[in-house]
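Trainee: Sharing a structure, written as structure tokens. Questions coming.
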Amino acid sequence: MKKLRVFSILLTLTLLTGLLSPYAAASGSGSAILDGMQVQAKAAILVDADYDEVLYEQNAHEKMYPASITKVMTCLLTLEAVDRGELTLEQVVTASSALHTGIGEGASTADIKEGEQLRIIDLLYAALIPSGNEACNVLAEAVSGSVTEFVARMNARAAELGMTGTHFSNTHGYHDDDHYTTAYDIYRMCRQAMEFETFRTIVSAKNYTMPATNFHPEERIVRSTNALISNFRVAGYIYEYATGIKTGHTPEAGYCLAASATKDGHTLLSVVMGCEREPGTTGSEGFLYFDETTRLLEWGFRNFSRRTILDDTALDIAEVEVTLSDQANYVAVRPEGSIVACLPNDLDAEDFTRSWTLDAESVEAPVEEGQVLGSITVSLNGKEYGSLPLVALNSVSRSELLYRLDRIQKFFDQLWVKLVLLAVLVLIVVLVLRRLFTRGGRGGGRRGGYAYSGASRYSGRRR
């Protein structure tokens, strides 16, 4: 039975690995078989954003062109500058002649003019909602003083975020052969940006009304390019759980989309890159990057769930020997806190391996309930899912008699005490021997004097 269970577990894990691996793919097309569906993209990734758990990946570390998803980094750096107090969202800046830097014909725009005065918050909306390229250059100058300095800052921040496959050449994503990234790196960038409430509010908005400026006397409405959220540009792709994030498209990059969705309190983040439009379609039809994103997200919600794999109810872990107590010889330990992970629904939490270490084999009383005595780690197939401290399940009091006897014993066990005692003992032996030898010498002298004295008295009584 034990062998059957081991075989069953191995078979389940093998099948699960095959299910999660996208590399059982149709050759050449960039498609991957996914639970009966196909993800038609050159690269893709699906991640549990709350726990940073990769649920699915396809060529996620391959070099790709990001197109307008680049704007996420531009807006992230701007919001971080606001967070540091270098700018404010209400601060008004003036668009310079550099607003069209690196932007070619046919690029998306928010119709910002040279000399136009806009607030930082309006520029953020203009960059992320209608994907205005020129808005990014205006933001770059506001943050760093120049577009060139800002691009250098983009690359430095990418390195800090662990985006090892990324290099930026501009602020907006208009094609440049030296401007590239990976699906995984885009995930890291978007996850960081979603930490900002302002960013989350912007990327989940269907539209935004920009106030009148010195070049636009009337308000203007900008509308989202993300068809998972808005039907304005293309219709029929609304996904009710979508919360963002950013589209991108150039002939070289194909159709790209970084998306997030929250369902039943569970947030997933996906990236698809290098998608093609379905041949022969017109109007709103054939935009596969929206369909494939929805499929990825739905697959994640359907096949994965958050589960607790270790918490403080686990009481059968280990015991620690307790000394100096007449109440108990051992105290049980339990985990403090919990480890929660996004796991495939058909994976049994009992399949996880628990390994623990104790700070010491024994502990002196008193022991307080909750006192840290070690740690425990949970892993599966060599991957660690987290660690928790191991704490005492209950308190154990100290015996004062045992404590005092132990202190006495420990005192006399010290090397210097032993040396002092040895020195005292040697001194006592020396003194005793000296006294014995001294008493022996004095007795012999008295006997010799007595014989001499007797001879003297005899000579004095001569006749």
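The values are calculated or read from the model by the stated rules, or taken from the named source; none is laboratory data. In this text the structure is predicted, and so the values were computed from the model without any measurement. Neighbour counts are summed over all protein chains in view; Cβ atoms, including those assigned to glycine, are modelled from backbone coordinates with ideal geometry. For accessibility, only protein heavy atoms count, side chains too; no ligands or nucleic acids. Shrake-Rupley method; radii C 1.70, N 1.55, O 1.52, S 1.80 Å.
Trainee: Please work out the average accessible area per residue across the chain, using the 1.4 Å probe convention, and give it in Å².
Mentor: With the other protein chains kept in place, the chain gives 53 Å² per residue.
Trainee: Given a Förster radius of 35 Å and the C-beta distance between Leu425 and Asp359 as r, what FRET efficiency does 1/(1 + (r/R0)^6) yield to the nearest 0.05? List each step's numbers first, then the result.
Mentor: Values: r = 39 Å, r/R0 = 1.11.
After rounding, the FRET efficiency stands at 0.35.
Trainee: For a quick protection proxy, order the peptides 80-90, 184-194, 424-434 by their average other-Cβ count within 10 Å, most packed first.
Mentor: Going by the mean number of other Cβ atoms within 10 Å, highest first, we get 184-194, 80-90, 424-434.
Trainee: What are the ³J(HN,Hα) couplings of region 52-64, residue after residue, when phi is run through the Karplus curve with 6.51, -1.76, 1.60 and θ = phi - 60°? Round to Hz, x for glycine and proline.
Mentor: Running phi through 6.51 cos²θ - 1.76 cosθ + 1.60 with θ = phi - 60° gives 6, 9, 6, 9, 7, 8, 9, 6, 5, 10, 7, 5, 9 Hz.
Trainee: Extension gain Arg220-Glu160, at 0.36 nm per residue separation less the Cα-Cα distance, in nm? Write out the running numbers ahead of the final one.
Mentor: Details: separation 60, 0.36 × 60 = 21.60 nm, distance 3.69 nm.
Roughly 17.9 nm would be gained on extension.
Trainee: For Rg and Dmax of the Cα atoms in Å, one of (1) 21.1, 71; (2) 39.9, 169; (3) 22.1, 69 was computed from the structure I shared and the rest are decoys. Which label?
Mentor: Here Rg and Dmax of the Cα atoms in Å agrees with entry (2).
Trainee: Ala212 to Glu149: extension gain in nm, 0.36 nm per residue of separation minus the Cα-Cα distance? Don't skip to the answer; put the middle values down first.
Mentor: Working: separation 63, 0.36 × 63 = 22.68 nm, distance 2.99 nm.
Between Ala212 and Glu149, full extension yields an extra 19.7 nm.
Trainee: Also, quick follow-up: Could you please state how large a percent of the accessible area of the chain is carbon and sulfur, counting protein chains only and using a 1.4 Å probe?
Mentor: 52
Trainee: What fraction of the DSSP beta bridges in the chain is antiparallel, stated in percent and rounded to the nearest 5?
Mentor: Around 95 percent antiparallel, to the nearest 5.
Trainee: What are the DSSP H helices in the chain that stretch 24 Å or more along their long axis, judged by alpha-carbon atoms, and whose average Kyte-Doolittle hydropathy comes to at least 1.0? Could you put the intermediate results ahead of the total?
Mentor: Values: long enough: 2-20 (27 Å, 1.38); 415-460 (69 Å, 0.64).
Within the chain the helices that satisfy the rule are 2-20.
Trainee: Another question about this same structure. Each label point is 7 Å from the Cα along the Cα-to-Cβ direction; what then is the distance between the points at Arg306 and Glu278, in nm?
Mentor: With each label point 7 Å from Cα toward Cβ, the separation is 3.5 nm.
Trainee: Set the Förster distance to 35 Å, then compute FRET efficiency between Gln414 and Arg435 from the Cβ-Cβ distance, nearest 0.05.
Mentor: Plugging the Cβ-Cβ distance into 1/(1 + (r/R0)^6) gives 0.65.
Trainee: Amide H neighbours of Gly244 under 5 Å, counting only residues 5+ apart in sequence or on other chains, H built in-plane at 1.01 Å?
Mentor: Ser260
Trainee: Of Gln414, Ala235, Tyr184, whose Cα points farthest to the positive end of the dipole of the chain (charges on the beta-carbon: +1 Lys, Arg; -1 Asp, Glu; origin at the Cα centre)?
Mentor: The listed residue farthest towards the positive side: Gln414.
Trainee: Further question: Nearest 5 is fine: what % of DSSP beta bridges in region 287-373 come out antiparallel, could you say?
Mentor: 75
Trainee: Given contacts defined as C-alpha pairs under 8 Å and at least six residues apart, what's the relative contact order of the chain, whole-number percent? It would help to have the intermediate numbers written out before the result.
Mentor: Details: 871 pairs, mean separation 55.1, N = 463.
Value for the chain: 12 percent.
Trainee: In what sequence, highest mean first, do 242-253, 352-363, 314-325 appear when ranked by Cβ atoms within 10 angstrom?
Mentor: Those peptides, ordered most packed to least, come out 242-253, 314-325, 352-363.
Trainee: Calculate for the chain the 222 nm mean residue ellipticity that helices alone would give, adding -39,500 (n - 2.57) per DSSP H run of length 4 or more and normalising by residue count, nearest 500 deg cm²/dmol.
Mentor: -11500 deg cm²/dmol
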